[in-house]
1. With only alpha-carbon pairs counted, each pair once and no self-pairs, how large is the Kirkwood hydrodynamic radius of segment 162-222 in angstroms?
2. Multiply the residue separation of residue 175 and residue 205 by 0.36 nm, subtract the distance between their alpha-carbon atoms, and state the gained length in nm to one decimal.
3. Show me 211-218, 29-36, 196-203, 169-176 ranked by packing, highest mean number of other Cβ atoms within 10 Å first.
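Rule-based calculations on the coordinates, nothing more; no lab input. What you see is a predicted model, and the numbers here were worked out from it, not measured in a lab. Don't worry about glycine lacking a Cβ; one is built from the backbone with ideal geometry, like all the others, and counts go over all protein chains shown.
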């Protein structure tokens, strides 16, 4: 195409003829044709774009989750059951023990003034001792009276001792204790020493000899 344009120029220069309208139009047409061809070469071949697909839009609405339900109320505490009533039981009443008959008091006679150094004459033997148990019947067999302690006699001490004497089935004394003291050790000891040597007739229960217990008062008096 360039060569053609050059040829046209040589033709134009070679001819010394004047320009005509036909020649001007032809030259313009040729130039326009070349420009059109040049433009076609310069514009790259671009495929037509396919129409863009419409984007699908999804509307999402965020909704706050509902609050969790409140926890169930705790179960009511179990009612305290009252303890079963306690039945008050009255203690058994002890069976009354009949009071033992009073035994005669053992009187120790006052010694004569001329016989102060020697021990006084022993008091008369006490009568049959009283029996503590209602089913026991103890009788005296050999009950020598106690001796008046010389020191207590010189000091003029008097008093009464009540002894509790345990007797076995053979009538022997197994134990002697003081139920009521005379408040003088010598008098209490003299009465206990004498009681350990006493002999009793054991009681009989259903034809069998049985052990028992007797209360014996011993009185030390300066009469």
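1. Working: mean 1/r = 0.0818 Å⁻¹.
The answer is 12.2 Å.
2. Values: separation 30, 0.36 × 30 = 10.80 nm, distance 2.11 nm.
This chain segment gains 8.7 nm when fully extended.
3. Working: 211-218: 21.4, 29-36: 11.5, 196-203: 17.8, 169-176: 14.6.
So the order, starting with the most tightly packed, is 211-218, 196-203, 169-176, 29-36.
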